[in-house]
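Engineer: Below you'll find the structure I mean.
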C-alpha cells in the first residue's frame, strides 16, 4: 500500500477492483464506511462477481475476468476526453510533458506490439522506450502541456497560469488537437503517446471496447467514470484503488496495476491522504516476508540479486546496479551494510570483496520464481525442498503438476502447525505411497501467540506481538528451527569441509541462546535494523550501544551493519524516542544541545527507555498528529486554533508501532502539496511551508528533502527566491532510478512487456483479442516445459475451446484463509463454511439442469474438482464480442481453500484424509505474468457437469 | 487514533440511583452499610448544594478544547475555577456535620475546626493552596489547627467536588475523551477512583475521583507509571468474583481495580460505591505487596 | 496539628482517602466483604492477528499457561477493538488438538509417519541439506562478455549457488524469522527462494 488502512477514511471515491475487502479484509470496511459517513465518499466495485463488497457499494459493474486493462485504459481515455486532469500535478510531478524517442512505436502502429519485439526470443528490446534528451545537459526534454510560469531552475515545471475551463481545470496548450483526437499532430510527449494509445479503448455504445471486451454496460461505465474520474481529478479530492490477487494473478497483472497507477497520476491522487495504489495483501506478514527478500529476485530491502554475468565482483555489482539519481544512489551503503550483517567478522579480516564472493549469484536471465521452481523440480533439477508454513499442493498453481513435481524430490522438510496436504503429498488421492521415494520430515512449529516477534501489515507497519503461551508438545518457533539447523550445518562444514564452506562457517550467526535454545531475537532485530560495528572484538553489548538511526546514517565503508536497510532505525528512531520521552514526561532527562533541541544519546539506555526497546513499544497512547482547519476551509492552524476551527485527524498515529521507511505512513507524500507548497486538499494536508520556505507543519515524515534558499550551497542568483528546489518538488517520486525523471512515470522502460499497458487475452480465453492480432502477452512465457512436453496433461485449452466453454475464476471466503490449514482445522470456522462450492449463474444452471445443492464437477484441461453447486444472481452471463458477433459467456466461481486433509477437507469427509482432492488449483494453468511470473489463476477455461 | 470514534458517555447518577445501588451493594455485603450511607449522605449534600452553583458555560470551547487535550494539558486549570466561597462554606459545614455525626466526642477536632477556626478568609486560602498544590502555604495554614490533615483534605476534596461537577460536566461532554493516555483526569487533573471495561468494545474507562469525568485509558498501560511493558503488567481476580480485576504493575508496584463485566447501563454504574464494594480486592492486592494507586471518592 | 511539607506530599497522594476513612472508623477490613478469596493470577498480552494483512491487534488472556480469552484491542488505531470471524478464532489455533506436537518422519516409500525427536531430526536434516548442497553446488561458471573491440571474452567467475535445494514460505513467519530464513537460505547458496507473495 502506498497509504495505510486507517487512511482509507480520507478517501472521496474508492475503486475496488480485483479485491473483496468486505469478505477478505473485513475490518477494513469500517474505514470505508467512515469515509462514506464523514466525507460522503462513494464506493465503486468492478468485479466478475457481485461480491460482499459489491453489496455495500454505491456502484457496481460486472467485468469479464482478465479485462481490467481495457477497463482502466477506457477510464484514462475518459479523463483525457473530458479534460478531467489535475494538470498542475501532471505538469510537475509526472513524465507526461517529456518528449518521447521518435523511434518508439506503439500497439496502434504495430498491431498489438510495442517497438523492439524480437519474435525469436519472445522478448522486447527496450532501447526505444525512452525520451528525447537535451544534448547540452543530457536531461530529458520537458515541454509545457499547460501554460506555466517556469521555475528558474527546473525547465518545464512551474506554477500554472491558466486559462481554465468551465469545470475549473486548466486548459492544455494543445486542447484543440486533443479534443479532435488528432494526437499524432501533437508534440510527441508521453502525454500525446498515452492519449493516442488509450484512444483505442472506447467506451461509447454497444460496439465499444468496454462493452465488447469487458462485457460492461457502457452506461454503467460512464456512471462509474464520472464518479471516479469526474470527482477525484479535483485537486482537493482523492480516490484510491484497492486491489488484490484479482488483478495480479494474470499474465499481464503488473501492467494492470500500472494502468491504474497512470490514471492516479493523471488525477493527482497518489501521495495524498485517501489516495494511492493500495494492494490488500493476503497474509499477516506477506509484506514482511517480501521486505526481507524471501523471493528469488530480491535480497532484503528490495536490493536486486547479483548475477554472474553482470556482477562477478562487488565493484561490478555496485557499478552496474547503482543508478545516477534517486534514493538508490545509496545502494553502496545499503548493500555493504547488508554484506556486513552476513559476514561482518569475515569481512573485517578479509575485506568486503571476499565476503561478496561467498554470496550466491544467479544465472542472468534465468527465472527462479514459483512456477519456474516447480518446473525445475518436475524436471528433476531440485532434489530437496524446505517449506516454512507453505502448502503448494493447495495454494500453488496447477497443483496436480506441483504435487507431481514433489514426487521427484529426494527429501522434503516442512515446518507447520498442522498436517498439510503438501507434507502428505505422497499419499494424496490417486497415488501409491510406495512408489514415492521422497524422505519427508515434518517439524511442529509455534503459532503466532506462542512466540514473540514483529509482523508487517499491508500499510508497511511493523507491529510487535508478544508471546502469550508456550507452544504445544514439542513444537518450536521457526526461529529456533533455523537456528538449530544453522548451528548443525556450521558444525558439519567445520568438521568435513564442503563446497564454498566459508559461506557457512564464516556466516555471522552469533545470536545468544536462551535456556530453550531459542536465538535472541532482539539481537536479530538490531542486526536487521542496523548498528555500527564495534571497535575491537565484537560483542552484542557494544553493538547495542551503537544503533544506527535511519538508513541515511549507514556508511559505504563497511563500518555499519544493516541486514535490511528499509528497516534501519526500527530499533529506535529519534522521533520515537523524542515523542515517547515527552509523553512519558522524561524528556527533561534527555540532554539538550546548544540549539535547545533534545539530543538523543546513542546508548542502550535510550533504546530501552521505560524498560522496553522502542521497536516493541506499541504505543498505547494514541497521540496522533493533528491540525485545525479554519472556518474558511483554507487556513491551517497547528496551535492556538480559533474556537470555530475544525480538528483534522488524518489517522496518522506515528507513535503506534513503526512503519518503513523511516516511519513514513504515506509514501510519495511530496505530492500532497502543489508546486508552491500549498496542500492540494486543505482538509487532508500533510505539510505546509513557511514564508521562509522551510517546512512548517509535518503530519507525516516527509518523503523529500528541503533545502532553504539561504543555504550556501544554493546558487547565488536564486538566494531567497521561491523555487521548487527548496521544496523538492522536482523529485517528488525519488524512489525512481531514472535520471531526470524522479517523477511518476506514465511511460516506463522498466517493464518487460511495454511502456504502456495493453490489453491481451488471458492464456486461456473464450475469444480472440479484439484490440489486435496478438492474442496473449507476447513478453510472457506462454509455454513452460511441462506444457510443451505434456500438453495433454499440463497444457492449455484453445481459444474458444468447445471442450471448455466457461470462464472460471477463483476467490476466497471470509471463513477461510488461503490454503486452508489455518481455518479448516478449526471447528468454528469450518462449520461455518464446511465444503467446497461452485458458484454459477441461474442462466447456466438452467442450461445444464443443475439445481442449488447438486454435486457438480468442474474440469479444466489439467484437472477436475468437485463441489456443491451454488446457483446465484451474483454471477451472470456476459455478452461480449467475438469476431464481430455478440456472444454470451458464462462465468464459474470457485473457492480455492480446500484440499484433502484436515478437520474439514472440502468434501463431506471430516477429521483426516479424504479420498478426493477439493483444491481448486488443480484446475489453474502453470503460466504467469510477464514481469513477476505470478500465476494466472483468475481467468481460465473449464467445463462443468452435474455429478448427482 | 482517530478522534471521536469512541463515543464515550459520561456518568449520569442522581440521589435515587445512588440510594438504589447502595441498597444493592449492602444487600450483598451488610458490612458496607456504614460507609455506603456516608457516601449517600455526602452525595446528597453535594447534589443539593450544587443546585446553588450556577450553570457555567465552559471557559473554552471548540478547537481550544481539542488543542489543550492534544498538548496534554488539563481543560480546567485551578485558576479557571470559580468558587463562591459562601457556597463553599455551606457545603463544607454541612459535610462536616455529616462526618461529625460519626462521633460525639469530636476526636478528630472536626467540630472545633469548623466552628472556631474556619472562616471565609481561611477557606479561601486553603482552597487556593490546595488547588494549586502550594504545599508550603497549605502547610503553614494548617499549623496549629485542630483537625487532622487527612480529614481536612477529605473535606476539601468532597466540598470542592460540586463546583467541579458544574465546570467539568459540559466540558467533558464536548471533549473527546475516548482515548487519553493519562492516568490523571484530563479535565481536572485528579486521580481516578477505579475503572471499568466497557462491554461493547473492551475500552478501559477511568472515572475521576473529584469531578467525576470519565476517560478512556489504554488497556495495556499502567495508569500510574505509564509503562507499556507487557512483561510488567498482569492482573489478579478472585474465583468467586470474576467480574472484577485488579491490574498490577511490576514497575511501580501499584494497582488499579477494574470492573470487568458490568451488565447494566455504563452511565449508571456508580463507581464510588463499586470501589467501596470491592474493598476485599484492595486487601488482596495489598497482601501481595501492591499499593493502591487510585483515590477514593472521599479523597 | 503540625503538617510538614513532606507529610502533605504523602497525604495528598492516593492513600489519603483510605486513611481519612480509617479515622472515621471505616478501615478497609471493616467494610470489606467477608469472603474467602481464591485469588487467581492472570496475564494479558497483545498479539497481532495471523490471518489477513490488516494487522488487527487483540488482547490475549492467559491463565495457568493456557489462553482463556481473546478480544479485539480497543487501543489499536487500526481495528479499534473489532475482530472478524477469523480473528476471533485465533484461540482455536492455540488450543487445538489437531496441532502437530511431535516431529514426524516418513521414510522413502513408507505408508505412514513415525514419530521422531528433535535430537534425531536436526542432525539428519543438516546431513540431507549438506549432501544435496555439495552435490548440486555451482562454484564457478563461464560467462561471456564483450571486450573493448566488441569481441566475446569468456571468463570463469564465482557463482557459489546451490541449484538442488529450494526454500518456500515466510508469509506466516515473524519479521525476525523471515530475516533469518533469508540469511539461512542465502548462506547455503540457495537461489530458488520463494514464498506466498508470488502466488
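All of the numbers you see were taken from the coordinates with simple rules; none came from a lab. Computed from a predicted model, the values in this text were never measured in an experiment. We place every Cβ from the backbone using ideal geometry, glycine too, and count neighbours over all the protein chains shown.
Engineer: Please sort B:141-152, C:33-44 by packing, taking for each peptide the average over its residues of neighbouring beta carbons within 10 angstrom, highest first.
Structural biologist: Working: B:141-152: 19.6, C:33-44: 14.2.
Output ranking for B:141-152, C:33-44: B:141-152, C:33-44.
Engineer: Going highest first, how would you order A:15-28, A:154-167, A:822-835, A:894-907 by mean Cβ packing within 10 Å?
Structural biologist: The densest-packed peptide leads the list: A:894-907, A:15-28, A:822-835, A:154-167.
Engineer: What does the extension gain come out to for residue A:842 and residue A:735, with contour length at 0.36 nm per residue minus their alpha carbon separation? Kindly include the intermediate steps, with their values, before the conclusion.
Structural biologist: Working: separation 107, 0.36 × 107 = 38.52 nm, distance 4.93 nm.
33.6 nm is the gain from fully extending residue A:842 to residue A:735.
Engineer: Arranged by the count of other C-beta atoms within 10 angstrom, fewest first, what order do A:733, A:544, A:71 take? Write out the running numbers ahead of the final one.
Structural biologist: Working: A:733 24, A:544 19, A:71 27.
Fewest-to-most Cβ neighbours within 10 Å comes out as A:544, A:733, A:71.
Engineer: Do the sum for chain C: with -39,500 (n - 2.57) for every DSSP H run of n ≥ 4, divided by all residues, what is the mean residue ellipticity at 222 nm, to the nearest 500 deg cm²/dmol? Could you put the intermediate results ahead of the total?
Structural biologist: Working: 7 runs with 61 residues, N = 199.
After summing the helix terms and dividing by residue count, I get -8500 deg cm²/dmol.
Engineer: Could you put C:192, A:302 in order, starting from the residue whose Cβ has the fewest other Cβ atoms within 10 Å?
Structural biologist: Details: C:192 26, A:302 17.
Ascending Cβ contact count within 10 Å gives the list A:302, C:192.
Engineer: Hey, another quick one. For the ranges A:389-397, A:357-365, what's the packing order if you count other beta-carbon atoms within 10 Å of each residue, average per peptide, and put the highest first?
Structural biologist: On the way: A:389-397: 28.1, A:357-365: 19.8.
Highest to lowest by the protection proxy: A:389-397, A:357-365.
Engineer: Figure the gain on full extension for residue B:24 and residue B:97 (residue separation times 0.36 nm, minus the Cα-Cα span) and round it to one decimal in nm. Could the numbers behind the result be given before it?
Structural biologist: Details: separation 73, 0.36 × 73 = 26.28 nm, distance 2.62 nm.
That pair, residue B:24 and residue B:97, stretches by 23.7 nm at full extension.
Engineer: Cα centroids of segment C:43-74 and segment A:840-915: how far apart, whole angstrom?
Structural biologist: Here the two parts' Cα centres lie 37 Å apart.
Engineer: Moving on to the next point. What does the C-alpha gyration tensor say about the overall shape of the protein assembly as shown? Classify as rounded when a/c is under 1.5, otherwise prolate if a/b is larger than b/c, or oblate. Intermediate values should be presented prior to the final figure.
Structural biologist: Working: a/c = 1.77, a/b = 1.53, b/c = 1.16.
Judged from the Cα gyration tensor, the protein assembly as shown comes out prolate (a/c at least 1.5, a/b above b/c).
Engineer: Under the definition of partner shielding as Cβ atoms of other protein chains within 10 Å of a residue Cβ, what is the mean value for peptide A:499-508? Let's see the in-between values first.
Structural biologist: Details: counts 11, 13, 1, 1, 8, 7, 1, 1, 5, 2.
For peptide A:499-508, the averaged partner shielding equals 5.
Engineer: Can I ask one more? How well do other chains shield peptide C:119-125, expressed as the mean number of their Cβ atoms within 10 Å of each residue Cβ? Walk me through the intermediate numbers first.
Structural biologist: Numbers: counts 0, 1, 9, 8, 5, 5, 12.
Partner-chain Cβ atoms within 10 Å, mean over residues of C:119-125: 6.
Engineer: Still on this structure, please answer the following. Run lengths n ≥ 4 of DSSP H only: what is the helix-derived mean residue ellipticity at 222 nm for chain A, with -39500 (n - 2.57) per run over all residues, to the nearest 500?
Structural biologist: Working: 29 runs with 231 residues, N = 948.
Per the formula, -6500 deg cm²/dmol.
Engineer: Could you list B:280, A:197, A:297 so that the one with the fewest beta carbons within 10 Å of its beta carbon is first and the one with the most is last?
Structural biologist: Numbers: B:280 22, A:197 25, A:297 18.
Listing B:280, A:197, A:297 from fewest to most nearby Cβ atoms yields A:297, B:280, A:197.
Engineer: Could you give the nm distance between label points at residue C:68 and residue A:690, where each point is 7 Å from its Cα heading toward the beta carbon?
Structural biologist: Label at residue C:68, label at residue A:690, 5.6 nm between them.
Engineer: Given labels modelled 7 Å from the Cα in the Cβ direction, how far is it in nm from residue C:114 to residue B:12?
Structural biologist: Between residue C:114 and residue B:12, the label points sit 7.3 nm apart.
Engineer: How high is the FRET efficiency between residue A:910 and residue A:793 when r is their beta carbon distance and R₀ equals 45 Å, given to the nearest 0.05?
Structural biologist: Working: r = 31 Å, r/R0 = 0.70.
For R0 = 45 Å, the calculated efficiency reads 0.90.
Engineer: Label-point separation (nm) for residue B:170 and residue A:349, each offset 7 Å from Cα along Cα-to-Cβ?
Structural biologist: Here the answer is 7.8 nm between the modelled labels.
Engineer: Per residue of chain B, what 222 nm ellipticity follows from adding -39500 (n - 2.57) for every DSSP H run with n ≥ 4, rounded to the nearest 500?
Structural biologist: Working: 9 runs with 119 residues, N = 299.
So the calculated ellipticity at 222 nm is -12500 deg cm²/dmol.
Engineer: A further question on this structure: Between helix C:118-136 and chain C, what is the angle of the helix's C-alpha long axis to the longest principal axis, kept within 0 to 90° and rounded to the nearest 10?
Structural biologist: 30
Engineer: Ok, one more. For helix C:175-188, what angle does its Cα long axis make with the longest principal axis of chain C, in degrees from 0 to 90 and rounded to 10?
Structural biologist: Roughly 20 degrees between the two axes.
Engineer: Moving on. Count, for each residue of A:523-530, the Cβ atoms from other chains sitting within 10 Å of its Cβ, then give me the mean as a whole number.
Structural biologist: Values: counts 1, 7, 4, 0, 4, 7, 0, 0.
If you average over the peptide's residues, the count of other-chain Cβ atoms is 3.
Engineer: Which distance in Å, rounded to a whole number, links the C-alpha centroids of segment B:242-280 and segment A:18-79?
Structural biologist: Segment B:242-280 and segment A:18-79 have Cα centres spaced 45 Å from each other.
Engineer: On a C-alpha basis, how far is the centre of segment A:640-680 from the centre of segment A:435-461 in Å? Whole number, if you could?
Structural biologist: That distance is 36 Å.
Engineer: Multiply the residue separation of residue A:223 and residue A:182 by 0.36 nm, subtract the distance between their alpha-carbon atoms, and state the gained length in nm to one decimal. Mind showing how you got there, number by number?
Structural biologist: Details: separation 41, 0.36 × 41 = 14.76 nm, distance 2.62 nm.
The residue A:223-residue A:182 span can extend by a further 12.1 nm.
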